[in-house]
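To start, the structure under review is shown below, and the notes come after it.
The values are calculated or read from the model by the stated rules, or taken from the named source; none is laboratory data. Remember, predicted model here, so these are calculated numbers, not experimental data. Cβ coordinates were reconstructed from backbone atoms using ideal geometry, including for glycine residues, and neighbour counts include every protein chain displayed.
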Amino acid sequence: MRRLLCLYGIFISLFGLFFFIFNDLYHLGYVHPNILFYAEKVLLARWGEPPRLENIGFVYPPFAFLPFWFISDYTLASPLTSAVSLTIFLVFLLRRCSGLTCLFFFVVLILNPLVLFLSLYRFEILNFYILLTLSAIAFIRYLETDHSFYIFLSGFLFGFCFFLDFRVVFLIPLVGLVVGVAPREKDVNRRLALLMVALSPALFFVLTWLYLNWIFTEDPLNFVKSPYSFFRSEPLDTSVLIASGSLWGTFKYTVARLLGYFPIAFPYFVVFFASGRYGFSYLMPLGLIYLVPVFLVMLSVYFFTFFPAYYFAIVFVLFSLAFYVYLNLNHHKLFIFSLVISLFFSWVMPLHSREENERNFVQFLIKRETINNVEEHQRVATLLEAAGCKKTLIDDASSFPVVVFLGDPKKFYLPYMYDYYAAISYPKAFADCIVVDKTNPRDKVFMRFPESSMGFLMDYFIIYEGTKYNVFKCYTCV
């Protein structure tokens, strides 16, 4: 009972911390675009005109949207989800280490600004890293006990990761290899049975997703081919582009990236070399499982789904904590030292990150200064409400925050609607207001009316001209 109350207290503390930081940034005018993107897609799926499940798009991992489906307030969704997942991770650590030691490890983890960033704004990535780590823990338990339940649990958690990050499909052959070389199994039939147990959840989830894409979009590979695909969601990086598609180029880039992550991922390398007495070089399955984060980087680079953000190093830190605890390593002082070094550089290195949101977040934690990235979206949403706009023509590909802040998708003509292209062809008959994103050359409204960027639109007069948006209202609706 005492431990349960302690865990509940930790959960409440984590949620309170995350919610406080999220709201502090929100009041300063900053929300990560991903949060608003997920919130808008769920808003359309539930209350759109028409409300359709496929409004979520089927091009992104579905569990990224799930918290927003059950939690209507988007400021609560990520803090609550992250608090739950981190508390579960602590529960698994507590099963094998003393309370004070685990709490120390956990506090160091929570004080890491990259963990805070993922908890608040990229919760789907944090949950993916935690599930991947728990899958590795379950596999360690299988090697210890030889109970097939643990190999099923490991496979199930690994397969579940697919609904958080599609790049898991890159790792399926590696998992098959790990089970195939398990030293306990001499009988071929048992090896095949264990291979089926380990891989069937992942294959089932992948095939289910292919089927759903086929049913709703008539193309089972829509989530791969779509121009809005998850596999094309990372910002473009020239160095990754050059390295992708080439085994040698990928290998060189991965080595360089690991060296770049080394100060933050220091505990990972300490555990790797400190576990020699467990025969990492001989116990092939354990070694391969521990190298999963390395293979994830390498395969992400090869298939051009990687961006060199520092938060990627957190998966190395999580793996190091899990393996240190579950292998019961003795290099206590060295590991604690490596955690402190990792924590220090986690505060320093992201200040020079090429990932803008990551960099701004750490700057906020240090200086309490941030950019205001929602002010104009909120201003336009407020204006549409005040102007009495009953139907607004807009392209939510980049203007989705406006839809979220107004809160009523039925007041918009959006590209997924059947009559959107009729409305954009002759807007006067459909929309009393028009929002143009003049900074986005692919904005459908801007492409249809390029002169709108200069404040001119036939049958409409301009009621707002900002840095990003021009807003128009029709004469006959005054």
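Annotations
- Residue within region 209-217 that is surrounded by 14 or more Cβ atoms within 10 Å (Cβ to Cβ), at pLDDT below 85 and either assigned by TED's automatic domain parsing to the domain that holds L132 or under 15 Å from F306 (Cα atoms) (or both) present: yes
- Any chance L258 is assigned by TED's automatic domain parsing to the domain that holds R167, over 28 Å from W347 (Cα atoms) and in a helix (DSSP H, G or I): no
- Verdict on L4 being under 30 Å from N213 (Cα atoms), outside any loop (DSSP other than H, G, I, E, B) and aliphatic (A, V, I, L, M): no
- Filter pass, F231 being aromatic (F, W, Y), surrounded by 15 or more Cβ atoms within 10 Å (Cβ to Cβ) and out of contact with any Asp or Glu (no Cβ under 7 Å at 6 or more places or on another chain): yes
- Matching residues in region 18-53 - criterion: being assigned to a helix (DSSP H, G or I) and over 17 Å from D73 (Cα atoms): L53
- In region 421-443 there is at least one residue matching the filter, namely being within 19 Å of F37 (Cβ to Cβ), outside the structural domain of V31 (by TED's automatic domain parsing) and assigned to a strand (DSSP E or B).
- Checked against the criterion of being more than 30 Å from T81 (Cα to Cα), among the charged types (D, E, K, R) and loosely packed, with under 14 Cβ neighbours inside 10 Å, region 191-205 contains not a single residue that satisfies it.
- Some residue of region 108-123 being surrounded by fewer than 19 Cβ atoms within 10 Å (Cβ to Cβ) and either farther than 13 Å from L318 by Cβ or not assigned by TED's automatic domain parsing to the domain that holds S78 (or both): yes
- Among (1) touching a Gly at 6+ places or on another chain (Cβ under 9 Å); (2) not assigned by TED's automatic domain parsing to the domain that holds V31, the one test that M349 misses: (2)
- A residue that is within 20 Å of L286 (Cβ to Cβ), of a type outside the set (K, R) and under 14 Å from the mean Cα position of the chain (by Cα) cannot be found anywhere in region 103-114.
- Selection count, region 22-62, where residues are among the acidic types (D, E) and either farther than 25 Å from D219 by Cα or not assigned by TED's automatic domain parsing to the domain that holds N213 (or both): 1
- Residue within region 395-417 that is over 29 Å from the mean Cα position of the chain (by Cα), at pLDDT below 90 and farther than 14 Å from E40 by Cβ present: no
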